[in-house]
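Asks: Have a look at this one.
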Amino acid sequence: MFEATRMIFLYVETPLHVGSGRSLGAVDLPIQRERTTNYPMIQASSLKGRLRAASDPNLNRQSPLTKGEHLAIFGPETGNAADHAGALSVGDARLLLFPVRSLAGVFAWTTSLDALQRFSRLAEIARLNFSINLPSQQPAQNTAWVNGDALCAGNFVVLEDYSFNPDQSHAALIQAIGEWLAQNALPQTAEYRYWREQLPHKLCLLPEDAWRDFVLYSTEVQTHIKLDVETKTVSAGALWTAEALPTDSLLYCPLFATKARDGKSDLSAEAILNKIENLPLSRTQLGGDETTGQGIVALRLTAGGAA
């Protein structure tokens, strides 16, 4: 059974495409999504693979791990998988904040009670101090809970082509959520100071159906082509589209650990997570299109507790 936990937050700095293969729909290369909700997600194997590669002392000279510690934490390579299991378990990354174009304030970080309640449930498992009392009642239809007038264009909050009636009766709740995320989820480095200050004022809580529609239909869709070397025209069959999570999205992912299982190391579960926390990995790249600057995310690992 797991003995220690952490939560890792991923703040998207460039459009992020973690694909699910080809599709017969309007987008050729869609992103990974939850089956029941259609919310964007990142499957655990992608993030664990990135952590494993970034901390491998054979690949990264800056890794603070020894080869033995690396094997104890992540387990042996596939050919020796029967030797022992790794001590680190990585969960799926779920979406918490989704940026949407706004007529006032440029963009809004949007979320829903459904997304927040799911985060609250996982935060409890990860022993995070998320003590905000979330209501069970959804915002009324065509209503957006906001904190102040930063997102108000006249008498409305206009997101993409849709208008919502602003409701400031829950401003204290939105302020509390925004401040907690600014302090615990966003990076604490100097270049994020502006974003930490803006988050409580640009946070917008939407009805769950409206939020689902935004995360389903307001992602970035990028068109790709391949040019013929001689004619400089599009090669036959070489036009396709790829979906990506937009910049300024926020996701979260739980990390769980047991003591080392290799029979050689005496690493405790807490020591393993401390070593992950001390990796030189404030930023990393996930998903496809790495050579075009896609998929850069900032990581923030927050302290949990004993499981």
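Only the coordinates and a few stated rules stand behind these numbers; no lab work does. Computed from a predicted structure; not experimentally measured. Backbone-built Cβ (ideal geometry, glycine too); neighbour counts: all protein chains shown.
Asks: Pull out a ≥ b ≥ c, the square roots of the eigenvalues of the alpha-carbon gyration tensor of segment 145-272, then state rounded if a/c is under 1.5, prolate if not and a/b is larger than b/c, and oblate in the remaining case.
Replies: Cα axes put segment 145-272 in the oblate bin.
Asks: Also, quick follow-up: By per-residue mean of other Cβ atoms within 10 Å, what is the highest-first order of 220-232, 165-177?
Replies: 165-177, 220-232
Asks: Taking K and R as +1 and D and E as -1, what net charge do the other residues with C-beta under 15 Å from the C-beta of W109 add up to?
Replies: Around W109, the surrounding residues sum to -2.
Asks: Would you mind putting 132-142, 148-158 in packing order, based on average other-beta-carbon counts within 10 Å, highest first?
Replies: The densest-packed peptide leads the list: 148-158, 132-142.
Asks: For segment 187-307, what is the charge dipole size about the Cα centre, in debye to the nearest 20, if Lys and Arg each add +1 at the Cβ and Asp and Glu each add -1 at the Cβ?
Replies: 440 debye
Asks: Work out how much length Q198 to V229 would gain on full extension: take 0.36 nm times their residue separation and subtract the Cα-Cα distance, in nm to one decimal.
Replies: Numbers: separation 31, 0.36 × 31 = 11.16 nm, distance 4.67 nm.
That works out to 6.5 nm of additional length.
Asks: Using packing as a proxy for protection, rank 56-64, 239-247, 119-127, 276-284 so that the peptide with the highest average count of other Cβ atoms within 10 Å comes first.
Replies: Result, highest mean first: 239-247, 119-127, 276-284, 56-64.
Asks: On to the next question. Got the relative contact order for the chain handy, in percent, Cα pairs under 8 Å and 6 or more residues apart? Please report the intermediate quantities before stating the final value.
Replies: Working: 655 pairs, mean separation 112.1, N = 307.
Computed over the chain, the figure is 37 percent.
Asks: With unit charges on the beta carbons (Lys and Arg positive, Asp and Glu negative) and the dipole taken about the Cα centre of the chain, which residue among I125, P135, F2 sits farthest to the positive side?
Replies: Checked the options; the winner is F2.
Asks: Could you compute the net charge surrounding E277? Neighbours are other residues with a C-beta less than 13 Å from the C-beta of E277; K and R count +1, D and E count -1.
Replies: With Lys, Arg at +1 and Asp, Glu at -1, the net is +2.
Asks: Same structure again: Under a Cβ-Cβ cut-off of 10 Å, what is the net charge of the residues other than P15 that fall near it, where Lys and Arg count +1 and Asp and Glu count -1?
Replies: Once all neighbours under 10 Å are counted, the net charge is -4.
Asks: What is the distance in Å between the Cα centroid of segment 109-134 and that of segment 176-214?
Replies: That distance is 13 Å.
Asks: Averaged across orientations, what area in nm² does the convex hull of the alpha carbons in segment 96-209 project? Before the final figure, lay out each step's value.
Replies: Values: hull surface 27.8 nm².
Average of the hull's projected areas for segment 96-209 equals 6.9 nm².
Asks: Each residue of segment 292-298 in order: what ³J(HN,Hα) in whole Hz does its phi give by Karplus 6.51 cos²θ - 1.76 cosθ + 1.60, θ = phi - 60°, with x for Gly and Pro?
Replies: Listing the rounded values in order: 10, x, 7, x, 7, 10, 9 Hz.
Asks: Can you give me the distance in nm between label points at S45 and N58, each placed 7 Å from the Cα along the Cα-to-Cβ direction?
Replies: 2.1 nm
Asks: What shape does the chain have by the C-alpha gyration tensor, where a ≥ b ≥ c are the square roots of the eigenvalues, rounded means a/c under 1.5, and otherwise prolate means a/b greater than b/c and oblate the rest?
Replies: Details: a/c = 2.11, a/b = 1.24, b/c = 1.71.
Oblate shape, in that a/c is at least 1.5 and b/c is the bigger or equal ratio.
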